[in-house]
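One structure is given below, encoded as structure tokens.
Read the figures in this text as sums done on the coordinates, not as results from a lab. From a predicted model like this one, the values you see are computed outputs, not experimental measurements. Note: ideal-geometry Cβ built from the backbone for every residue, glycine included; neighbour counts use all protein chains shown.
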Amino acid sequence: MSSPVRAFKPFPIVIDSGEGCRITDIDGNEYVDLCMAYGPLIAGHACPRVNKAVRDQTRNGSVFGAPSHPETMLIEKIVSTVPSAEMCRMTVSGTEATMHAIRLARGYTGKNGIVKLNGGFHGAHNTVLVAAGSGSVGCTPSSLGVPPDDARNTYVVEYNDAGMFESLLDGNEDIAGIIMEPVMGNVGVVTPKKGYLEEMRKITREHGVLLIFDEVITGFRLSAKSAQGRYGVTPDLTTMGKIIGGGYPAGAFMGRRDIMEMVAPNGPVYAAGTFAGNPISATAGLETINLMAEKGRYESLEKKTQDLVSRMRDALADSGVRGCIQSVASMFSVFFGVDEVTDGLEAQKADRDMFAEMFDYMLHRGVYLPPGPMEVEFMSAAHDEEACDKIAETFEGFLRQVRK
Ligand SMILES: *Cc1c(COP(=O)(O)O)cnc(C)c1O
């Protein structure tokens, strides 16, 4: 395996092919896919339009080490649709996007401290591989190999608690910014309480620290204008990945012109990558974004998801099994043993064993979920009625056989 989140016992399935909302493993078993590669495939597996665009681009070459037309077109699209994006720089992954955005925030403000949310995931680099420290003293590494000095400059607060964030800022002069998912997507789906994102915007402005939205999942998923467009809150910097690569490796960081001008070669903050802005990825990303921008696409995807979610919620209520299903747009997640999850701390109280039982039950009946309880189920434009019925019926079947 190339990533630990793909692991499960007794062994993970190995995928042979994908088409639309279905994947087939190397033994020939077919599954309705709700993992969808953890988010990039909003247009579905092997989308014919994306495939054609990519095939056409491969004839022109795959990488140049110089600016290319697809990359410029994608950046123009991003800058013209994402509210915070006055300038945009491509990377190869979401991890690199957040790493560069954090370095930029530090370079711009001249400060070292970075705040993140408990349960927020921003990829696999030192600043964000931290375990919550005790409030104001900074964090300890969550992985061996991360120097404690790297983790010490990262602070953790809870989602949906603007007061906690503000008191941290009141007691610390060395904070460059906060990096946060506007909708949490790496502890399951956790949505902002009314006014929370606005409050975070106000506090960051008042304290002169940068607000960074990590929209690697929510970018071009929550709406054509991403989460920031949906909620009407514009951060200083934004990171993206997943969908903007249309199923190929890509990431980007973007934001206010005066901040982005600090990036090399215009300014003194370094950022680079051999495959950054790769024309194949940019082609696939642009085709995906253009496809989803067609009239009614986001609306019908959301309606399809919400219909499925309400069916599953009804089944959960009827079964008497304790739990909740949280959802926004085309993302949802099932939490057992809790009634509502509003932050990372509460997400940890959900019943993981019951989730593992559901995962197993669904897998053996042809529905592939992300293996971990802290992940999100992703729907795509390619999920059809038959797939939705299968998901709902299999979930109902699981609830019926749960030992109460
Ligand atoms: C997936 C993810 C990342 C990391 O992106 P990679 O392309 O896997 O490096 C960063 N932030 C969030 C919110 C993510 O979900």
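For the reader, a short list of remarks on this structure follows.
- The chain: proportion of alpha-carbon pairs further apart than 31 angstrom, %: 37
- Simple spin-label estimate for Met164 and Ser17 gives 4.8 nm between the two label positions (7 Å along the Cα-to-Cβ direction from each Cα).
- Choice from Gly18, Gly119, Gly145 showing the highest fluctuation, given a GNM over the chain with Cα pairs closer than 10 Å: Gly145
- Other residues lying with their Cβ under 10 Å from the Cβ of Glu181 contribute a combined charge of -1, Lys and Arg counting +1, Asp and Glu -1.
- Residue exposure sequence - Lys52, Lys202, Lys304 - by fewest surrounding Cβ within 10 Å: Lys52, Lys202, Lys304
- The range 247-339: radius of gyration over Cα atoms, expressed as a fraction of 2.2 N^0.38 Å: 1.67
- Screening the chain for whole DSSP H helices of 20 Å or more along their axis (Cα) with average Kyte-Doolittle hydropathy at least -0.5 returns 94-109.
- Cα centroid separation - the range 383-397 against the range 276-294, whole Å: 30
- Size of electric dipole in the range 272-401: Cβ of Lys, Arg +1 and of Asp, Glu -1, about Cα centre, debye, nearest 20: 180
- Charged neighbours of Asp150, selected by a Cβ distance under 14 Å, balance to +3 (K, R count +1; D, E count -1).
- Neighbour-count ranking [beta-carbon atoms within 10 angstrom, fewest first] of His69, His125: His69, His125
- Projecting the Cα positions of Thr98, Ser226, Phe121 onto the charge dipole of the range 49-292 (unit charges on Cβ atoms of Lys, Arg, Asp and Glu, taken about the Cα centre) puts Ser226 furthest along the positive direction.
- Values of log10 I(q)/I(0), in the order q = 0.14, 0.22 Å⁻¹, for the range 1-76 under a Debye, Cα-only, solvent-free model: -0.66, -1.07
- Between the range 52-116 and the range 2-17, the Cα center-to-center distance that results, in Å: 29
- Contact order normalised by residue count of the range 49-292, Cα under 8 Å, 6+ apart, percent: 30
- Among Met292, Asn186, Met374 - extreme Cα towards positive end, dipole of the chain, charges at beta-carbon: Met292
- Other residues whose C-beta falls under 11 angstrom from the C-beta of Ala224 contribute a net charge of +4, scoring Lys and Arg +1 and Asp and Glu -1.
- Sorting Ile259, Ile102, Ile23 by the number of Cβ atoms found within 10 Å of their own Cβ, with the fewest placed first, yields Ile23, Ile259, Ile102.
- Of Phe213, Gly246, Met200, farthest towards positive along the dipole that unit charges on Lys, Arg, Asp, Glu beta carbons give the range 144-260: Gly246
- Value at 222 nm in deg cm²/dmol, rounded to 500, when DSSP H runs of n ≥ 4 in the chain each add -39,500 (n - 2.57): -11000 deg cm²/dmol
- Given +1 at the Cβ of Lys and Arg, -1 at the Cβ of Asp and Glu and no other charges, the dipole of the range 49-292 around its Cα centre is 800 debye to the nearest 20.
- Per-q log10 I(q)/I(0), the range 213-258, q = 0.17 Å⁻¹ (Debye; single scatterer per alpha-carbon; no solvent): -0.43
- Around the Cα centre of the range 12-162, unit charges on the Cβ atoms of Lys, Arg, Asp and Glu (plus for the first two, minus for the last two) sum to a dipole of about 560 debye.
- Hits among lysines - C-alpha to C-alpha of Lys202 under 22 Å, sequence gap 8 or more where chains match: Lys111, Lys116, Lys193, Lys194, Lys225
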